[in-house]
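Data block below; observations after.
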Amino acid sequence: MRDKKKKLKIMVCPVCGSTNIKKVSAFSGWLLPEEYVCLDCGYRGPVVAEIEVDEDEIEEDRSDRRGW
């Protein structure tokens with residue numbers, strides 16, 4: 001039987017490549033046009049890149065940072 005890996009979509013800043021992205025406000029995409037802000041470089045705009053990664057890759061990255 002083939003092991004099905006879970007895919008996660010992650011938003012990435014189009015300027016610096018950071019994943020430290022959030023919506024500008026709770027109303028963004030609801031009452032107002034969707035707008036995002038990068039907390040690392042300060043980019044602010046409606047465009048973000050979205051990448052798809054395996055859940056396993058994220059767990060490996062977390063354990064590498066902790067030194068396990």
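General observations
- Scanning region 1-47 for residues that are assigned to a loop (DSSP other than H, G, I, E, B) and over 9 Å from the mean Cα position of the chain (by Cα) yields a total of 27.
- Pairs where the first residue, in region 33-49, is farther than 14 Å from GLY17 by Cα and the second is among the basic types (Lys, Arg) and not in a loop (DSSP other than H, G, I, E, B), C-beta under 8 Å, 6+ apart: GLU34/LYS23; GLU35/LYS23; GLU35/ARG44
- Any hit, region 12-31, residues being loosely packed, with under 11 Cβ neighbours inside 10 Å, modelled with pLDDT of 85 or more and out of contact with any Pro (no Cβ under 9 Å at 6 or more places or on another chain): no
The values are calculated or read from the model by the stated rules, or taken from the named source; none is laboratory data. What you see is a predicted model; the values in this text were computed from it and never measured. Ideal geometry is used to build each Cβ from the backbone, glycine not excepted, and the neighbour counts take in all protein chains shown.
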